[in-house]
Amino acid sequence: MSIIINGSPAALPADPRTSLLDLLRDTLSLPGTKKGCNQGACGACTVLVDGDRILSCLALAVQYDGRHVTTIEGLAEDGALHPLQQAFVVHDGFQCGYCTPGQICSAIGMAAEAKRGIPSHVSEDLSADVVLTRAELQERMSGNLCRCGAHNGIIDAISEYNTEVAA
Amino acid sequence: MSIVDTAKSAAQGVVQGVMSKLVPLAPDSWIPGGTPDPLIRHQHGLIGTEVSRLDGPLKVRGAARFAAEVPLDNLTYAALVFSTIARGRIATLDTTAAEAAPGVVLVMTHRNAPQMNAPALFGTSATACGASNLPVMQDDSIHWNGQPVALVLAETQDQADHAASLIAVGYAAEPSVTAFADAKAKGKERGLFFGQPLENIVGDAEAALAKAPHSIDRTYRTPRHAHNAIEPHAATIAWDGDTLLLHDTTQMVSSEAATVADIFGIAADQVRVISPYVGGGFGAKGLWDHQILGAAAARVAGRPVRIALSREGVYRIVGGRTLTEQRVALGAEPDGRFTALIHDGTVAMTPHNNMPEPFILGTRSGYAADSFKLSVDTVTMNMMANTFMRAPGESVGTFALESAIDELADELGIDPIALRIRNEPTKDPLSGLPFSSRHLVAAWRAGAERFGWDARPAVPGSRREGEWLVGFGCAAATYPYYRMPGAAARITLTRDGEALIEVAAHEMGMGTTTTTAMVAAERLGLPIERITVRYGDSIIPGTIMAGGSQQTAAIGAAVIAAHRALVAELLKLAGNDSPLAGLSPDEVGSEDGGLTRIDDATRRESYASILGRAQRDTVVVAEQASPPLEQMHWSMHSYGAMFCEARVNAVTGETRIARFLGSFDTGRILNHKTARSQFRGGIIMGLGMALMEETQFDERNGRIMNPSLAEYHLPVHADVPDIDVIWTDIADPHTPMGAHGIGEIGITGVAAAVANAVHNATGRRVRDLPITLDKLL
């Protein structure tokens, strides 16, 4: 049994209690994925599984046999920052940097959800194509807490990235 | 407080008392900042520009290693068991099942914990930083609901957590005080803040209030708050013989090393605390029981320990801001001039700590008035020791004062900004000291214009858009300029023109490393790419706490001192063959990769040339900052004018913040990019305080009821509007770089601006935070 992390296979843990988050942080030495609450309330542990954003603290690692997991460490290619990572630096979308990996992974998953037409609480028309307005971004990113108060910079960064991807 | 602590506190008070009488009388030139820092005149360098965080690429890649992420061989993982009563004794304790559980390395309780000294309480010496002075796991006594009673070490976190759940503890409860009303009934004491009583009396304010033509007299309440840094407290700890290495997340590396050394009875240089990245602090990342227990367990087990608190664990053993009950009474003439300013009330503490939430600090220099009566009383409860949280004192104090001023403005029929400007003091109203730099009126005017204050609904409750009632509110923000003693800096200059700046400071997101590099680059006349900043390590000389918004000033003054020493050393090395021969350090400055005579730029020599001729690869200097006497010579504060547009749903009572503007007067802004973020961060925490934040404390048993991020509500993206920030950018002539620290002022005044806007929108005055919808229905 194995799980593919950032393109490389890794053994699943022997202990079925091990969360995907602890597998990443404690076993695989990939501490970029953060533990903020370990109970699904803060979003710091967000990773992408086959492109979908999930909370790795609420996921048992053994459930993800054969699945592709992308963590913050897997976004930069050939040492160059992912465009969204770069946008976070330019727009000062963080202060302490602890919620940042989760915000970035979440934003990438969120953009994919929008592309698939999944509406949010603030979508006016549930069947129309999703336009990621500022209000939509704020609503869809509200599961990722930031305590330093970098919210404006985070939304600016995601907004710029989405515009560039669409262009 | 013990007799010894009281005596120490009193002695500290006497020394401060004598100094505070002499220093104001000294000529300006004797005082640090008496001659303006030459960098204030540098207008075309890096200072005042937008510089992205130097540690940014590391953080966005998830490559910054936080304390719980430091790899160590043979590591064990810790879990804690917390008491479930507020006061009493451990009557029965069964650890056999836990000891037999898979993977368990050690179960530690008061029965087998090593003997340790009690932590020295914060403020009782230059380096003491214990959040409480209770001994840690030394006997069977319980002092608060949540106190650690056992620690388990195991090979994995899951094994440790499971084994901890198998420990059975029985308690013999003793009478406890867990209700605020009961605590008040048992008697109050005047709060002591760093040895000085929290009390100021000028004239007879009660009599002036009684005969004032206009007055208001109100009580405001603020609940307990939790810092809730997204990184929970954690440490990775290893002993090497009698030397202790603590990879921690802390705002006080040097003080923590000294205090931990005392606890274990070893020399200060036998403890090294390393903390390069702090995942949010806000006052909470200090020395608590977990580092001490982790180090003790590592010693007993003979293996390294990682102790990463669960989110619940943070609530149980890390204190937050305490609750306050504040009275503000204002007497005024018909034109609005204050004749009486009364601000007093009560806060809760424990018998083991010394943080009497000093809510009058901002009031002391806020407004002119004929008479003052200010005080903070404390009562004690059996609870987790409360501590500093962002703008301790001012954040909650400005809620009461600035709400009351709004109420008085309403009563007088005067615009609330005009009322504040009418009471603007020309010198410090209590100390009589001149202000070092106060341009609050300019901040009010600029803010009012940018916000469009003149469109404020004149009558509360009069503007409705669909279901939404719309209102504007404002409040003043204030926080002192602080600079603590003990800061130092070490500069290593190389022959190829690179400089290493070392300061025992901290980066928890303020942008300290980036601004330090910017300032050092300008001070040394080098490009920023040639500057490296090393910090967050207790082996670096000096003590620089990330607290009181003082790091920027403390580092600034230390680098000024070290730079002066560097210039002196370079002049010595330059010798008689240099164009600089015969000049004194006062005649020479750094510019363009070398030293230049200040009034004659033709006399210069590059660092490379000086070091080359002296056949030196490096020059190393370390120097202490000047003593921070400027704070006793001038009244030194930062200011702000806060503006809020609130929309309250007339059907549900839900409050949304549509717009917020902070207009600041905080000296010269060093890095516009990170400064804007810090101001916004403070404001957003203030919005949380205004609308949703409360640590719910069960008054029956002293248990915190919402120890999770699901039940303690923080502002999320959907709650945060675009926050506009402007600043006067007027340099304070008496501070390093003309700057003030800005980490805390952002939260002050915010809750009042929101409450005042809610009143303007609805006609309802909420004096009890947070402003939840039930209070508006």
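Yes or no, residue by residue, for (1) aromatic (Phe, Trp, Tyr); (2) assigned by TED's automatic domain parsing to the domain that holds B:Ala448; (3) assigned to a loop (DSSP other than H, G, I, E, B); (4) closer than 30 Å to B:Thr250 by Cβ:
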| position | (1), (2), (3), (4) |
| --- | --- |
| B:Val347 | no, no, no, yes |
| B:Asn354 | no, no, yes, yes |
| B:Thr398 | no, yes, no, yes |
| B:Leu408 | no, yes, no, no |
| B:Leu430 | no, yes, yes, no |
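Taking interchain pairs and intrachain pairs at least six residues apart, which have beta carbon atoms under 8 angstrom, with the first residue in the range B:148-176 and on the phi > 0 side of the Ramachandran plot and in a strand (DSSP E or B) and the second modelled with pLDDT of 95 or more and not hydroxyl-bearing (Ser, Thr, Tyr)?
Pairs that qualify, where the first residue is on the phi > 0 side of the Ramachandran plot and in a strand (DSSP E or B) and the partner is modelled with pLDDT of 95 or more and not hydroxyl-bearing (Ser, Thr, Tyr): there are none.
Name the residue that is farthest from B:Leu46 (Cα to Cα), counting only residues in the range B:731-765 that are surrounded by fewer than 24 Cβ atoms within 10 Å (Cβ to Cβ) and of a type in the set (D, E, K, R).
Per the criteria, the residue is B:Arg764.
Go through the range B:536-559 residue by residue and tally those that are within 20 Å of B:His740 (Cα to Cα), surrounded by fewer than 22 Cβ atoms within 10 Å (Cβ to Cβ) and modelled with pLDDT of 95 or more.
Result for the range B:536-559: 0.
Please determine whether any residue of the range B:284-292 is surrounded by 24 or more Cβ atoms within 10 Å (Cβ to Cβ), within 14 Å of another protein chain (Cβ to nearest Cβ) and either closer than 30 Å to B:Ile85 by Cβ or under 23 Å from the mean Cα position of the chain (by Cα) (or both).
Taking every residue of the range B:284-292 in turn, at least one turns out to be surrounded by 24 or more Cβ atoms within 10 Å (Cβ to Cβ), within 14 Å of another protein chain (Cβ to nearest Cβ) and either closer than 30 Å to B:Ile85 by Cβ or under 23 Å from the mean Cα position of the chain (by Cα) (or both).
When you look at A:Leu84, is it within 13 Å of chain B (Cβ to nearest Cβ) and either hydroxyl-bearing (Ser, Thr, Tyr) or touching a strand residue (DSSP E or B) at 6+ places or on another chain (Cβ under 7 Å) (or both), yes or no?
The answer is no for A:Leu84.
Can you report the number of residues in the range B:294-308 which are surrounded by 24 or more Cβ atoms within 10 Å (Cβ to Cβ) and basic (Lys, Arg)?
Summing the residues that are surrounded by 24 or more Cβ atoms within 10 Å (Cβ to Cβ) and basic (Lys, Arg) in the range B:294-308 gives 1.
Here is a check on your reading of the model: is B:Trp239 crowded, with 24+ Cβ neighbours inside 10 Å and in contact with a helix residue (DSSP H, G or I) (Cβ under 8 Å, 6 or more places away or on another chain)?
No: the conditions fail for B:Trp239.
Being touching a Ser or Thr at 6+ places or on another chain (Cβ under 7 Å), closer than 30 Å to A:Cys96 by Cα and surrounded by fewer than 16 Cβ atoms within 10 Å (Cβ to Cβ), is that true of even one residue in the range B:71-88?
yes
Going by what's in this entry, would A:Glu160 be described as in contact with a Ser or Thr (Cβ under 6 Å, 6 or more places away or on another chain) and in contact (Cβ under 8 Å) with a residue 12 or more places away in the chain?
Spelling it out, it is not the case that A:Glu160 is in contact with a Ser or Thr (Cβ under 6 Å, 6 or more places away or on another chain) and in contact (Cβ under 8 Å) with a residue 12 or more places away in the chain.
Of the conditions (1) among the acidic types (Asp, Glu); (2) under 30 Å from B:Ser310 (Cα atoms); (3) more than 11 Å from chain B (Cβ to nearest Cβ), A:Asp125 satisfies every one except a single condition; which number is it?
(2)
Output yes when any residue across the range B:44-61 is of a type in the set (S, T, N, Q), in contact with a helix residue (DSSP H, G or I) (Cβ under 7 Å, 6 or more places away or on another chain) and under 30 Å from B:Ala625 (Cα atoms), and no when none is.
Here is the first cut: in the range B:44-61, the residues of a type in the set (S, T, N, Q) are B:49, B:52.
Next, only the ones that are in contact with a helix residue (DSSP H, G or I) (Cβ under 7 Å, 6 or more places away or on another chain) stay: B:49, B:52.
This time we only want the ones that are under 30 Å from B:Ala625 (Cα atoms), so: B:49, B:52.
Yes, some residue in the range B:44-61 is of a type in the set (S, T, N, Q), in contact with a helix residue (DSSP H, G or I) (Cβ under 7 Å, 6 or more places away or on another chain) and under 30 Å from B:Ala625 (Cα atoms).
So A:Ser106 clears everything in (1) within 8 Å of chain B (Cβ to nearest Cβ); (2) of a type in the set (S, T, N, Q); (3) surrounded by 20 or more Cβ atoms within 10 Å (Cβ to Cβ) except one condition, right? Which one?
Evaluating A:Ser106 over (1) within 8 Å of chain B (Cβ to nearest Cβ); (2) of a type in the set (S, T, N, Q); (3) surrounded by 20 or more Cβ atoms within 10 Å (Cβ to Cβ) leaves (1) as the failure.
Based on what the data block shows, is A:Val69 assigned to a strand (DSSP E or B) and either at negative phi or modelled with pLDDT under 95 (or both)?
It is true that A:Val69 is assigned to a strand (DSSP E or B) and either at negative phi or modelled with pLDDT under 95 (or both).
Of the numbered conditions (1) surrounded by 18 or more Cβ atoms within 10 Å (Cβ to Cβ); (2) away from chain B (no Cβ under 13 Å), A:Val165 fails exactly one; give the number of that condition.
With (1) surrounded by 18 or more Cβ atoms within 10 Å (Cβ to Cβ); (2) away from chain B (no Cβ under 13 Å) applied to A:Val165, the lone miss is (1).
Each row is one residue, and each column tells you yes or no for (1) assigned by TED's automatic domain parsing to the domain that holds B:Leu566; (2) surrounded by fewer than 24 Cβ atoms within 10 Å (Cβ to Cβ); (3) among the aliphatic types (A, V, I, L, M).
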site: B:Trp453; (1), (2), (3): no, yes, no
site: B:Arg463; (1), (2), (3): no, yes, no
site: B:Gly473; (1), (2), (3): no, no, no
site: B:Arg523; (1), (2), (3): yes, no, no
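Going by the structure shown, is A:Leu84 more than 21 Å from A:Leu132 (Cα to Cα), modelled with pLDDT of 95 or more and of a type outside the set (S, T, N, Q)?
no
Could you list all residues from the range B:659-674 that are within 20 Å of the chain's Cα centre (by Cα), farther than 15 Å from B:Pro736 by Cα and more than 10 Å from every other protein chain (Cβ to nearest Cβ)?
Across the range B:659-674, the qualifying residues are B:Gly662, B:Phe664, B:Asp665.
Going through the range A:14-53 one residue at a time, which ones are touching a residue at least 60 places away in the same chain (Cβ under 8 Å), among the polar types (S, T, N, Q) and within 11 Å of chain B (Cβ to nearest Cβ)?
A:Thr33
Applying the selection to the range B:446-477, what residues are under 23 Å from B:Gly686 (Cβ atoms) and of a type in the set (Lys, Arg)?
B:Arg450, B:Arg456
The values are calculated or read from the model by the stated rules, or taken from the named source; none is laboratory data. Note that the coordinates shown come from a computational prediction; the quantities given were computed from them, not determined experimentally. Because the Cβ atoms are built from the backbone with ideal geometry, glycine has one as well, and the counts that use them run over all protein chains shown.
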